[in-house]
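A short write-up of the structure that comes next.
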Amino acid sequence: MVTIGGGAAASTRRWSYAVLVFMTLAAGAMDAVAFLALGGVFTANMTGNLILVALVGGEDWEIRALRAGLACVVFAIGLYAGFRMPALGRGGERWPLAVTHLLWADLALQTAFLVGWILCGAAPGPPLTLVFIAMASCAMGIQAAAAHRVSIAGITTTFVTGTLTALAESLVSRNGDVAHRAVIVLALVCGALCSSLLLHFARVWAAAVPLVFMFAALMIVMTRLHTRKPDLGRGE
């Protein structure tokens, strides 16, 4: 959780929020690829998948339920791994070091996804589809845990129902988080739009969109947030 005080607090919060925006863009983009190209399931929005698991009937409903169930299970594994990651560093960091490690793991999974996507010509068969769903769901589970560990204004990045609810509450109470929450909601839509357009016009590169957004998030972390608070006790 980002809990730094003093003059650095505003800067830390601002850059941390920017990281969450790019993470949300990545989640929207990945969900678009999964839903449109991997059998109509989600890899970030598990609420939708839980409903899909329970929808009995229709053409190939068993396959759809299998894919949605797999996404839920692997997403949960990613969440568990993300929350099991111990706190790292010596204390005083502006940004949790453990979250950085989780984002690198997320990036590695998305890179593997992209490489596999390109190698299969963006047209995976049924067995490979399950592998891609598992990789993407694990990445999104890790990302969800990372976002929760940052904890800014109740913002989530892989699903926005909670953020949308908080946005409505902010509109009523007129607090300062309205704009932040609204941007997160829009970011999920924009990320999905980017991938869906590429699926139509340059299908093989659609899987690169979430990777690019996640890379941007990590670059902000590495260049803007991985600094320690000044140690005033040293007189430096």
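The values are calculated or read from the model by the stated rules, or taken from the named source; none is laboratory data. Just so it is clear, the structure is predicted and the values come from calculations on it, not from any experiment. Cβ atoms come from the backbone with ideal geometry, glycine included; neighbour counts cover every protein chain shown. The protein model used for the area step is the full one, side chains on, heavy atoms only, and it has no ligands, DNA or RNA in it. Shrake-Rupley method; radii C 1.70, N 1.55, O 1.52, S 1.80 Å.
Couple of notes before you dig in:
- In the set (1) of a type outside the set (D, E, K, R); (2) surrounded by 15 or more Cβ atoms within 10 Å (Cβ to Cβ); (3) closer than 28 Å to His148 by Cα, the condition left unmet by Tyr80 is number (2).
- Complete set of residues in the range 29-65 that are within 20 Å of Ile118 (Cα to Cα), part of a helix (DSSP H, G or I) and in contact (Cβ under 8 Å) with a residue 12 or more places away in the chain: Ala29, Met30, Asp31, Ala32, Val33, Ala34, Leu36, Ala37
- Taken together, the criteria place Leu70 among residues that are surrounded by 15 or more Cβ atoms within 10 Å (Cβ to Cβ) and modelled with pLDDT of 95 or more.
- Scope the range 99-115; condition under 14 Å from Pro210 (Cβ atoms), of a type outside the set (A, V, I, L, M) and open to solvent by less than 50 Å² (accessible area, probe 1.4 Å); matching residues: Asp106, Gln110, Phe113
- Scanning the range 196-216 for residues that are open to solvent by less than 40 Å² (accessible area, probe 1.4 Å) and under 19 Å from Leu20 (Cβ atoms) gives Val209, Pro210, Leu211, Phe213, Met214, Ala216.
- A Cβ distance below 9 Å, combined with a sequence gap of six or more or placement on separate chains, defines the contacts here; from the range 128-143, residues that are part of a helix (DSSP H, G or I) reach residues that are open to solvent by less than 10 Å² (accessible area, probe 1.4 Å) and charged (D, E, K, R) in the pairs Cys138/Asp106; Ala139/Asp106; Met140/Asp106; Ile142/Asp106; Gln143/Asp106.
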